C-alpha cells in the first residue's frame, strides 16, 4: 500500500486544529439556530396573515349575504380560519373533502334552514367557503 499518494504525503499536522474551541462552536450553533428560527417564524407569520385575510373575506361575504350580526361574523371568521389552517396542513384530496364536509355541517348547524338554503343557492360563495 505504499504506492498510494497519501501514505507518502507529508502533512504538517500543526496546521490542523486538534480540538475545536467549545466557545466558537457554541457561537456558530447559536447563529445557525437563530437564522433558521427567524426564517421559520417569518414564514409562519406570513401564512397566518394570509389565512386571516381569506377568513375575513369569507366571513364578511357570508354575513353580508345573510344579513347577520357581528357575533356571527366572528364565529364564521373562526370557522373559516380553522378551515384554511387545516387545509394547509394536508395535501390529500380525501382529507380536504373531509374538511369541506365538516365546514358544511357546521354551517348547517349554525344557520337557520332558510339562511343555509340561501347560502347554498349562491353556489360561487358556497363553494368558496367550504372548499
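Every number in this text was worked out from the coordinates using simple rules, so none of it is lab data. Predicted, not measured: the structure shown is a model, and the values here were computed from it. Here the Cβ is made from the backbone with ideal geometry for all residues, glycine too, and neighbour counts use every protein chain on show.
If R0 equals 30 Å, the separation of the Cβ atoms of residue 24 and residue 54 corresponds to a calculated FRET efficiency of about 0.05.
The relative contact order of segment 54-130, computed from alpha carbon pairs under 8 Å that lie at least 6 residues apart in sequence, is 34 percent. Using R0 = 41 Å, the C-beta based FRET efficiency linking residue 82 and residue 35 works out to 0.85.
Just so you know, the averaged projected area of the alpha carbon convex hull for segment 54-130 sits at 4.6 nm².
In this calculation the C-beta distance from residue 100 to residue 70 is compared with R0 = 35 Å, giving a FRET efficiency of 0.85.
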